[in-house]
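J.: Right, I'll just put the structure down here and ask away after.
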Amino acid sequence: MFYQIAIDGPAGAGKSTIAKEVAKRLGFTYIDTGAMYRAVALKALRLGINLQNEEEYSFLDTTSITIDGGKIFLDGEDVSKKIRSLDVSNAASIVAKFQTVRTKLVDIQRELAKSRNVIMDGRDIGTVVLHNATLKIFLNASVEERAKRRMQERNQDLANKEDLAATILEIKERDYMDSTRSISPLRKAEDAIEIDTSSMSIPEVIDKIISLCAKRGISMDNLKTKDSEQLVQEVTVEQENVQPEATVEVATVDDAATEKPKRRTRKKKTTETVEEKVANETSVQVEVPEQSVLTNLSTPSDQIDDEVDIDHDISDDDIHDDEDDTLVASSNKPRVKPLQLVTGTVVRVFDPIETQIDNFGNVIRKARDARVLFTLDNGLEGLLYPRDMYNYSPDKNLHELFPIGHDFPLIVKKVYPDGGRVLLSTTLLKMREDLSQFEEIVKDPITTVLRAKVIKKLSIGLLLKYKEFSCLLPTSQIVKREGDINQLIGQEIDVAPIRIDYNRIRLVVSETVARAIKIRQAKEEVLNKLEVGQVFEGVVRNIEKYGAFVQIAPGIEGLLHISEISHDRVYNIEKVLKPGDTVKVQIINLENGRIGLSMKSLIPNYWKELIDSLKIGDLIKGKVTEINKAGVVIGFEHGVNGFLPKSEFAWEKEVHIEDYISVGDELELKVIELDLSKKRIILSRKQLQDNPWEKIKVKQNDWIDVVVTKVLPEGFKVTYEGVMGYIAKANIDEKIMKVSDIKEGTKIHGRVTVFDPINTRLFLSMFERPTYNFKNKGGNTNRFASQEVFTNTIGDLLKEKYEK
């Protein structure tokens with residue numbers, strides 16, 4: 001047998017941290033379900049599919065995702081680190097919304113749980129993935145505490161109230177999105193044990209869960225800290241310390257007509273086991289983004305039962321001392337509780353009796369109302385009076401309404417102190433049945449708000465009245481306000497039904513849920529009025545790596561993605577925006593309550609305007625703004641830039657751009673590439689003219705006239721018919737001209753020593769080609785050219801030989 005532990009909860013409750021540590025302590029396998037969605041997102045990005053099209057996720061049929069040794073493997077590849085990138089994180093939120101993906105991964109997660117002891121955490125583990133888990137935990141914490149934890153993760157200053165407020169809003173928005181999404185929303189499983197971690201340390205939470213594991217009988221064989229036997233003993237001792245409920249003591253009533261019934265009392269249990277506490281808790285299946293909504297949404301029913309007074313009218317006149325009623329007190333008979341649903345058999349119908357007075361004016365017999373005597377299933381007897389009959393009128397015949405021997409469902413209105421006298425009601429029965437109209441509301445209480453009147457304060461909250469229904473507002477569900485809550489008595493407040501208490505014939509309501517619903521409704525009202533294209537002055541509330549959350553109306557925030565801030569690429573958003581900044585934004589997307597914002601849509605797109613006005617081959621003028629190793633940056637109006645690559649500057653292979661131009665020069669260039677998506681304008685200078693190297697007809701040893709264009713330390717750059725050449729100072733004939741006299745513009749008559757049009761090289765010398773005499777082995781003398789300062793390449797020699 002394998003054990004399964006499911007841990008659910010809202011963002012920031014500490015699920016992952018706790019789950020990992022508990023897994024280590026128990027020796028269980030920790031299944032990181034979030035990582036599995038990231039793995040799907042990674043593969044989707046690799047395949048280049050449309051992330052928004054669910055049909056394109058068919059690749060999952062042939063995809064393998066496994067977890068082993070704390071690492072996640074995608075089709076056999078360890079992608080534990082690759083799935084943590086920003087792109088994958090953003091894509092994972094899109095991937096997770098599709099039913100196709102969730103169904104596939106849930107199947108994988110369940111298969112993993114069949115073959116090992118596992119701990120899984122998420123938002124639907126206990127309700128969807130492992131609905132039969134051995135132990136279900138719902139970790140929770142206050143919104144403020146979860147916001148502080150999120151800020152600590154981001155290394156933010158907790159003292160910054162603006163950051164804290166922004167983070168709280170972010171958490172509330174996340175809670176709302178998680179709890180209202182159509183597929184597997186965040187819910188607390190009915191059999192889950194809720195742990196509020198607001199004031200607990202990590203070790204305390206872990207010990208609490210380990211203790212719950214022991215109580216559920218989960219194997220402690222692998223426990224790495226406490227001995228399992230010791231834990232089991234602790235649980236046993238705790239359970240043995242639970243005191244049985246004390247017997248209700250009933251005072252003897254000699255004259256029920258004059259003595260009011262004493263309220264019964266009950267002793268509290270000294271210790272409550274976890275299982276008993278869970279059984280007594282009231283689960284509320286509603287999640288809305290408000291501070292108190294996800295916290296303390298349950299009220300122990302034993303506390304509720306202690307409040308006997310539920311404001312159903314019971315008068316002292318209900319107590320009678322009529323021998324005809326034949327109600328016999330019997331403490332040995334099984335007891336019933338007020339408002340208990342029972343079945344009664346009609347035994348006798350009593351007609352009304354008028355008051356009888358003798359001749360002296362003395363009352364011989366008191367007046368008695370009509371009534372019906374019932375025998376209950378447990379042997380007790382009870383009376384039903386017309387005032388407690390639903391839809392009764394004096395013209396109706398009780399004998400016809402309640403035939404002798406017929407059974408009727410009834411509600412116990414009151415139990416007298418003697419334990420054997422019971423008042424019954426069909427009016428309360430009708431009220432109990434009418435409570436069923438709230439069942440659908442309670443299942444999904446995200447739209448209904450009731451206006452109820454506060455009647456009085458109870459030890460566990462407030463008693464309210466909504467129409468004919470009594471309502472209990474637990475203390476934990478009262479919105480915090482200044483002053484004593486007694487000031488609310490007599491006032492009407494907004495509440496939302498969160499549970500039907502059929503046993504007490506009342507609704508359990510929440511003011512915090514109602515407040516959250518009103519906030520959400522107000523937000524939806526604003527959202528319904530929003531349209532794509534609307535412009536707002538917003539305030540930056542929170543900064544993330546991928547963008548900023550901007551508040552455009554009270555409680556309404558949208559995402560300003562980093563790519564929508566400027567037409568120029570923004571690498572670090574924190575250098576551009578900070579919380580509190582006022583920005584002008586435009587709505588560019590509205591989908592599922594999410595608002596996409598843009599700043600750049602309000603800024604003229606000069607890139608688009610310029611690129612749209614150009615075509616390949618056009619000539620354009622611009623100023624040199626930068627010269628670097630790769631080429632030249634050319635500036636146009638409104639901050640638009642083009643680029644002139646070094647290879648497009650001149651026809652020479654090795655060119656020194658600074659020899660020709662300087663920053664600030666204006667150039668006329670040819671457009672050779674346009675790409676708006678990449679904001680690319682590529683230019684060319686050399687294509688303004690034909691390749692001069694292909695036109696020049698010179699050869700080695702030809703004498704040509706060149707002009708000096710630049711003086712270098714070791715020689716001179718020269719130009720000849722549009723091509724650049726070089727002559728070394730060592731090759732200047734001082735007999736003809738002095739090196740010191742040569743400057744830019746000087747003409748030199750020189751001999752071509754190297755001419756290579758393919759590699760764009762031209763070298764010259766002012767000296768004649770020297771010759772030397774060598775004797776061969778036969779003593780003959782050969783004349784051939786000596787090696788000069790610059791010679792042809794081997795390729796040149798082979799070319800010459802081939803041409804000859």
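The values are calculated or read from the model by the stated rules, or taken from the named source; none is laboratory data. Since the model is a prediction, treat every value here as computed from it, not as a measurement. Cβ: placed from backbone, ideal geometry, glycine included. Neighbour counts: every protein chain shown. Ligands, DNA and RNA are excluded from the accessible area calculation, which covers all protein heavy atoms including side chains. Shrake-Rupley method; radii C 1.70, N 1.55, O 1.52, S 1.80 Å.
J.: Would you mind calculating the gained length between Leu341 and Tyr606 on full extension (0.36 nm times residue separation, minus the Cα-Cα distance), in nm to one decimal? Don't jump to the answer; show the numbers that get you there.
T.: Working: separation 265, 0.36 × 265 = 95.40 nm, distance 7.75 nm.
Roughly 87.6 nm would be gained on extension.
J.: Here's another thing I want to ask about it. In the structure displayed, which of Lys97/Lys208; Lys615/Lys653; Lys82/Lys629; Lys97/Lys148 lie more than 29 Å apart, Cα to Cα? Could you put the intermediate results ahead of the total?
T.: Values: Lys97/Lys208 33 Å; Lys615/Lys653 27 Å; Lys82/Lys629 34 Å; Lys97/Lys148 27 Å.
Going by Cα-Cα distance, Lys97/Lys208; Lys82/Lys629 fall outside the 29 Å limit.
J.: Can you give me the % of accessible surface on segment 9-51 that is carbon or sulfur? Probe 1.4 Å, all protein chains present, nothing else counted.
T.: On the way: 670 of 1390 Å².
That share works out to 48 percent.
J.: Taking a threshold of 18 Å on the Cα-Cα distance, which of the pairs Lys545/Lys584; Lys457/Lys480; Lys600/Lys621 fall above it? Could the numbers behind the result be given before it?
T.: Values: Lys545/Lys584 20 Å; Lys457/Lys480 15 Å; Lys600/Lys621 27 Å.
Distance filter (> 18 Å) returns Lys545/Lys584; Lys600/Lys621.
J.: Determine the share of segment 428-538's accessible area contributed by carbon and sulfur atoms, expressed in whole percent, with a 1.4 angstrom probe. The partial results should precede the final answer.
T.: Working: 2470 of 5200 Å².
About 47 percent, which is the carbon plus sulfur part of the accessible surface.
J.: Let me ask something else about it. How far apart, in nm, are the 7 Å Cα→Cβ label points at Asp191 and Ile661?
T.: Going by the 7 Å Cα→Cβ label model, 7.7 nm.
J.: Using Cα pairs closer than 8 Å and at least 6 residues apart in sequence, work out the relative contact order for segment 599-732, in percent. It would help to have the intermediate numbers written out before the result.
T.: Numbers: 206 pairs, mean separation 26.0, N = 134.
About 19 percent, as a whole number.
J.: Let me ask another. How do the peptides 422-430, 3-11, 353-361 rank, highest first, by the average count of neighbouring beta carbon atoms within 10 Å per residue? Write out the running numbers ahead of the final one.
T.: Details: 422-430: 21.6, 3-11: 25.2, 353-361: 8.8.
So the peptides 422-430, 3-11, 353-361, ranked by packing, come out 3-11, 422-430, 353-361.
J.: How big is the convex hull of the Cα atoms of segment 573-704, per residue, in Å³? Intermediate results must be reported in sequence, preceding the final value.
T.: On the way: hull volume 22.4 nm³, N = 132.
Spelled out: Cα convex hull of segment 573-704, divided by residues, is 170 Å³.
J.: In percent, how large is the relative contact order of segment 375-531, given Cα pairs closer than 8 Å and 6 or more residues apart?
T.: On the way: 235 pairs, mean separation 29.8, N = 157.
For segment 375-531, the relative contact order is 19 percent.
J.: Which distance in Å, rounded to a whole number, links the C-alpha centroids of segment 419-443 and segment 31-96?
T.: Answer, in whole Å: 52.
J.: Going by average Cβ neighbours within 10 Å, how do the peptides 201-214, 25-38 rank, with the highest at the top?
T.: 25-38, 201-214
J.: Which far-off residues, 5 or more places away or on another chain, put their amide H under 5 Å from the one on Ile195, with H placed in the peptide plane?
T.: Result for Ile195 returns Phe138, Leu139, Asn140.
J.: Would you mind classifying segment 416-474 by shape? Square roots of the alpha carbon gyration tensor eigenvalues, ordered a ≥ b ≥ c; an a/c under 1.5 is rounded, otherwise it is prolate if a/b is larger than b/c and oblate if not.
T.: oblate
J.: Highest mean first, how do 747-753, 636-642, 483-489 rank when packing is the count of other Cβ atoms within 10 Å averaged over residues?
T.: On the way: 747-753: 18.7, 636-642: 15.1, 483-489: 12.4.
Highest-to-lowest ranking by the protection proxy: 747-753, 636-642, 483-489.
J.: Per residue, how large is the accessible surface of segment 578-637? Use a 1.4 angstrom probe and give square angstrom. Numbers along the way, then the final one.
T.: Numbers: 3470 Å² over 60 residues.
Here the residues of segment 578-637 average 58 Å² of exposed surface.
J.: Set Lys and Arg Cβ to +1 and Asp and Glu Cβ to -1, take the dipole of segment 465-518 about its Cα centre, and tell me which of Leu473, Gly490, Ile505 lies farthest positive.
T.: Going by the charge dipole, the pick is Ile505.
J.: With a 1.4 Å probe and every protein chain left in place, work out the accessible area per residue of segment 1-132 in Å², rounded to a whole number.
T.: On the way: 5690 Å² over 132 residues.
Per residue, segment 1-132 has an accessible area of 43 Å².
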